[in-house]
Each structure stands twice: as structure tokens, then as C-alpha cells.
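**Q** One structure, pasted below without further comment.
The values are calculated or read from the model by the stated rules, or taken from the named source; none is laboratory data. Computed from a prediction, not measured in an experiment: that's the story for all the values here. Neighbour counts run over all protein chains shown; Cβ positions are idealised from the backbone, glycine included.
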Amino acid sequence: MDPTWVLIAVKIALTLWMVVLSIWDHVHRRVPNWLVLPVMFGALIWQIILAITDGAGGIWFVLVAWTVLFCLWRVHIFGGGDAKFLMALMALFSSTSFLILFSLGVLVISLPLMVAQAVKSRSLPFGIGKKASLSLPTEEQLRSRGRPYCWTLALPGVVYLWWAW
């Protein structure tokens, strides 16, 4: 079998996975474990195999990224589903080039969304201009007021998948 077709099939499967995940998050307002964990741990196993066979350094990138994402989840910056989805992406695309493209992509997508939300509600985002508060949201606040924006995380992943992977 031609390796090019295998790579294209993998890219199509991963793209469909990110699309399904984004739609599920939009409809159900949550990211289910059964949709994220298989890819997350499959990509981790792949990184371990690469580290053993080629001595590739991607496993260290993944372990650092997962540690940071776990901490961000525990302090309620991200919900658990979003954190696991990001862990899967970091294990799939374990490189600084992905991290840079991902960060810029989320910034370019999220800033207009925040501005539109502020204009729609006629208030500044995050309570800017009101009483300053440095407290992080609780788990309940994330669950009740969190937005289903998984697609903003998936879109840079799809772009990187087809552009650079």
C-alpha cells in the first residue's frame, strides 16, 4: 500500500474526529471522554514508540504540555474536556511549530469572538471596568457559563494537520 494514501486516510480520520468533537461540544456543551481519550492515549503510545525507536524528543514536549494543561484544568482555566482535547492535540502534533501556529490561530479566532460578544452585550469582556477581580472561575461556573468553543481549538489543529504534518 502506498504510504501517501495511508497518510491521507489518517488526515481525513483526524479531521473528521475534530469536526465531530466540535459539533458534539456545540450541541451537548461538553467534550465526552469516549471521543477524546482513545486519540489522546493512542497519540501518547505513538510518541513513546517514536522515542524508543528513533530517540525522538517529542515525548518530552508531550509530557510538559500535558503537565501544563493538567494544571490549567485544575485551576479552572479550561474545562476537563477541553483540556483532554488539547492534550490529544499536543500528543498528535508534538512540536513547537504546532504550538506557535495553534496559539496564533486561537488568538486570531478568539479575539473577534470576544469583541463581538462585548458589542452584543454592550459590556467589556471579563468584567473589565468593573470591580477588579483576580479570582478564577469555579468548576460550576465553567459548567454553567462556559462556552462551547471547542471548534476554536480544533480549527488550528485541522490547519496544521493539512498544512504541515
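**Q** Might you let me know whether segment 5-21 holds any residue that is touching a residue at least 24 places away in the same chain (Cβ under 8 Å), more than 13 Å from L92 (Cβ to Cβ) and part of a helix (DSSP H, G or I)?
**A** yes
**Q** When segment 48-77 is examined, which residues are found to be touching a helix residue (DSSP H, G or I) at 6+ places or on another chain (Cβ under 8 Å) and touching a residue at least 60 places away in the same chain (Cβ under 8 Å)?
**A** Answer for segment 48-77, where residues must be touching a helix residue (DSSP H, G or I) at 6+ places or on another chain (Cβ under 8 Å) and touching a residue at least 60 places away in the same chain (Cβ under 8 Å): just H76.
**Q** Being surrounded by fewer than 12 Cβ atoms within 10 Å (Cβ to Cβ) and at pLDDT below 95 is the filter here; which residues of segment 7-26 pass it?
**A** Step one: of segment 7-26, the residues surrounded by fewer than 12 Cβ atoms within 10 Å (Cβ to Cβ) are 7, 9, 13, 16.
L7, the sole residue that qualifies.
Let's see how each residue does on (1) of a type outside the set (F, W, Y); (2) within 30 Å of A13 (Cα to Cα); (3) modelled with pLDDT of 70 or more:
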position: S123; (1), (2), (3): yes, no, no
position: G127; (1), (2), (3): yes, no, no
position: A132; (1), (2), (3): yes, no, no
position: S135; (1), (2), (3): yes, no, no
position: E139; (1), (2), (3): yes, no, yes
position: P148; (1), (2), (3): yes, yes, yes
position: T152; (1), (2), (3): yes, yes, yes
position: V158; (1), (2), (3): yes, yes, yes
position: W162; (1), (2), (3): no, yes, yes
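**Q** With the structure loaded, tell me whether V31 is in contact with an Asp or Glu (Cβ under 6 Å, 6 or more places away or on another chain) and of a type outside the set (S, T, N, Q) or whether it fails that test.
**A** Answer is yes for this residue.
Residues are listed down the side, and each one gets a yes or a no for (1) in contact with an Asp or Glu (Cβ under 9 Å, 6 or more places away or on another chain); (2) at positive phi; (3) not in a helix (DSSP H, G or I):
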| residue | (1), (2), (3) |
| --- | --- |
| Q47 | no, no, no |
| T53 | no, no, no |
| V62 | no, no, no |
| V68 | no, no, no |
| W73 | yes, no, no |
| H76 | yes, yes, yes |
| G81 | yes, no, no |
| F85 | yes, no, no |
| A88 | no, no, no |
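**Q** Now, a different point. Looking at (1) of a type outside the set (S, T, N, Q); (2) in a helix (DSSP H, G or I); (3) closer than 21 Å to C71 by Cα; (4) modelled with pLDDT of 75 or more, find the lone condition where R143 falls short.
**A** Unmet condition: (4).
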